[in-house]
């Protein structure tokens, strides 16, 4: 059984790698105000960013799906890791040697499965890269040279060679301490008829496939010999760390330029990615052994922030197969908020062949000369019909019109309607426009429209600002009662707790004297208790939020803590929160508690007076008078009266 990782080492790992650095490996983050960042949530589909990160506090929270936590929680959830695997991954990134309570420093036998499989792929990639320089790999080097790739290109993309023997890699990895079970589970080896593991890839040119963080999780292998009876390209099978529908070749190299330029170029193969990058199109990526699909879309949407100013360009050969692939890509258009375009390479050449024939500039020119995918789809549909007959024109209109009706922008939709009329040779342009309008209205009203939620038409994710402003919707911590955010008391209690967690120095030491009963919403009272259990705001330090999270009684309260940490302070709109603003929130919460207590006492006094209990009613009246004077002082003097 694996030993428990030392608590001090876990704490060191938590603080070693900034949360925004880790999250930025998976999605683009932009300024959200108040020192926080936001992006599209990696845990659920959304059109507008509701995923917020607080670099100062080291936590994240999504106001859409309510996921939240610290850096380790994020890594665990986004990569489906155990706690120990997440700690080991971040420790490796930070260069921290972990201690395990049951002895030893970072023993390999104690590492989680995913960590071990990733490490096996890392070692295998190094092994293959070294083999590329040997005499047996001459055919592989010749293959690269013929396609315009020199040694530096091979090194940049980590290309290698798998020896033709049965178990060269297996024996090498065994020598590095990996078990036969790990080699089989990783997909690097397969069982022979005698039950012993043998190399899966033999005598092939090897492309390491990395995930978005840069970890090698699989390989693509191209056959080189005529006596190889296997497929032209052989990819790693599905494994615990490799899912072909969720990886994009080249994404580790392209992600920064994709996010920076708001553009991604989708090509069809490994050599096409290489050719594009070497030609200066550094946003090129490709799928690995599968068609472009839902999982790949999610990766790009998070990097592009899925705004209307971003663009996804699909490149295909100009032959029939390429056109068919382009139309398949068009089916996914509505899953992007980004514009989708198509770049057709000339004479049936792929980008790699085009670079060889005409040079780097030709590749870049094809990409820059792209055309809207809608236009390509419409022309392809129209081209299938005989437009010399009325019947052909009518059939083309009925098939192409629903495509145009899908265009999101009404002005562009109208322009394409007019263009479609021209393509069909229909003189009555308004007839086509009206037909398109009917289909578009049917789509938006639900008659014959996509099911609810498709194309991003479902309920919008709750934005943090709406909670701060007291929007009509109900917001609740998971597992806790709903909060009526129309209530001024609940709004101000929320703001005070946000100050306590984000800017504790502004509300210290007064906040620590507040009772739990001064927070009338039960979830807020639970957060107040967690703050107290964590030592209060007066003693807040860099680990304060972590302590609050650890003292929260359940996941619902922890989720609310994450939410309060990343939600912008209302005062931050236009100016930084200061002591005056904090004092206003402190006074408002205290004054509400005083008024509530006065109301309770007034009720008690009236009951006692009805019972003619003069002595007890007088005592209650005295308390009412004292509280009334205190309330008046709070109104007049503000925080100075606390």
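Observations, loosely collected:
- Within the stretch 89-104, the set of residues being outside any strand (DSSP E or B) and touching a strand residue (DSSP E or B) at 6+ places or on another chain (Cβ under 8 Å) comprises 97, 98, 101.
- Scanning the stretch 33-49 for residues that are at pLDDT 90 or above and either in contact with a strand residue (DSSP E or B) (Cβ under 6 Å, 6 or more places away or on another chain) or farther than 16 Å from residue 302 by Cα (or both) yields 36, 37, 38, 39, 41, 49.
- Condition check for residue 594: in contact with a helix residue (DSSP H, G or I) (Cβ under 9 Å, 6 or more places away or on another chain), under 16 Å from residue 496 (Cβ atoms), in contact (Cβ under 8 Å) with a residue 12 or more places away in the chain and buried (at least 21 other Cβ atoms within 10 Å of the Cβ): no
- For the stretch 198-237, residues that are farther than 21 Å from residue 290 by Cβ and either in the same structural domain as residue 90 (by TED's automatic domain parsing) or surrounded by 22 or more Cβ atoms within 10 Å (Cβ to Cβ) (or both) total 1.
- Number of residues in the stretch 351-387 that are in a helix (DSSP H, G or I) and more than 32 Å from the chain's Cα centre (by Cα) equals 14.
- Qualifying residue in the stretch 126-136 (condition: over 20 Å from residue 186 (Cβ atoms), part of a helix (DSSP H, G or I) and modelled with pLDDT of 85 or more): yes
- Residue ID - surrounded by the fewest Cβ atoms within 10 Å (Cβ to Cβ), chosen from residues in the stretch 396-425 that are more than 42 Å from the chain's Cα centre (by Cα) and under 22 Å from residue 373 (Cβ atoms): 422
- A single entry from 542, 613 fulfils the requirement of being within 20 Å of residue 527 (Cβ to Cβ), surrounded by fewer than 17 Cβ atoms within 10 Å (Cβ to Cβ) and either outside the structural domain of residue 511 (by TED's automatic domain parsing) or out of contact with any strand residue (DSSP E or B) (no Cβ under 9 Å at 6 or more places or on another chain) (or both): 542.
- Any chance residue 65 is surrounded by fewer than 21 Cβ atoms within 10 Å (Cβ to Cβ) and either part of a strand (DSSP E or B) or in contact (Cβ under 8 Å) with a residue 24 or more places away in the chain (or both): yes
- Those residues of the stretch 161-194 which are more than 18 Å from residue 228 (Cα to Cα) and part of a strand (DSSP E or B), in sequence order: 191
- When residue 189 is tested against (1) in contact with a strand residue (DSSP E or B) (Cβ under 6 Å, 6 or more places away or on another chain); (2) within 30 Å of residue 356 (Cα to Cα), exactly one condition is not met: (2).
- Every listed requirement among (1) closer than 22 Å to residue 549 by Cα; (2) not in a loop (DSSP other than H, G, I, E, B) is met by residue 32 save one, (1).
- Selection within the stretch 545-568: residues that are in contact (Cβ under 8 Å) with a residue 40 or more places away in the chain and over 14 Å from residue 502 (Cα atoms). The member of this set that is surrounded by the fewest Cβ atoms within 10 Å (Cβ to Cβ) is 554.
- Taken over the stretch 28-45, the residue count meeting the criterion of being surrounded by fewer than 18 Cβ atoms within 10 Å (Cβ to Cβ), in contact with a helix residue (DSSP H, G or I) (Cβ under 8 Å, 6 or more places away or on another chain), without any contact (Cβ under 8 Å) to a residue 60 or more places away in the chain and under 29 Å from residue 575 (Cβ atoms) is 0.
- Among (1) more than 30 Å from residue 362 (Cα to Cα); (2) modelled with pLDDT under 95, the one test that residue 218 misses: (2)
- In the stretch 541-559 there is no residue that is assigned to a helix (DSSP H, G or I) and closer than 22 Å to residue 590 by Cα.
- Filter pass, residue 527 being assigned by TED's automatic domain parsing to the domain that holds residue 600 and in a helix (DSSP H, G or I): yes
- Among residues of the stretch 2-25, those that are in a loop (DSSP other than H, G, I, E, B), out of contact with any strand residue (DSSP E or B) (no Cβ under 8 Å at 6 or more places or on another chain) and either under 16 Å from residue 88 (Cβ atoms) or at pLDDT 90 or above (or both), counted: 3
- Of all residues in the stretch 426-446 being loosely packed, with under 11 Cβ neighbours inside 10 Å and assigned to a loop (DSSP other than H, G, I, E, B), the one that is modelled with the lowest pLDDT: 427
- Within the stretch 173-191, no residue that is outside the structural domain of residue 209 (by TED's automatic domain parsing) sits with its Cβ atom under 7 Å from a residue that is surrounded by 15 or more Cβ atoms within 10 Å (Cβ to Cβ) and not in a helix (DSSP H, G or I) at 6+ positions apart or across chains.
- For residue 376, the criteria (1) touching a strand residue (DSSP E or B) at 6+ places or on another chain (Cβ under 7 Å); (2) under 30 Å from residue 243 (Cα atoms); (3) at pLDDT below 85 hold in every case but one, which is (2).
- Condition met for residue 290 (at pLDDT 90 or above, under 30 Å from residue 23 (Cβ atoms) and outside the structural domain of residue 221 (by TED's automatic domain parsing)): no
The values are calculated or read from the model by the stated rules, or taken from the named source; none is laboratory data. It should be emphasised that the depicted structure is a prediction, and the values quoted were computed from it without experimental measurement. Neighbour counts are summed over all protein chains in view; Cβ atoms, including those assigned to glycine, are modelled from backbone coordinates with ideal geometry.
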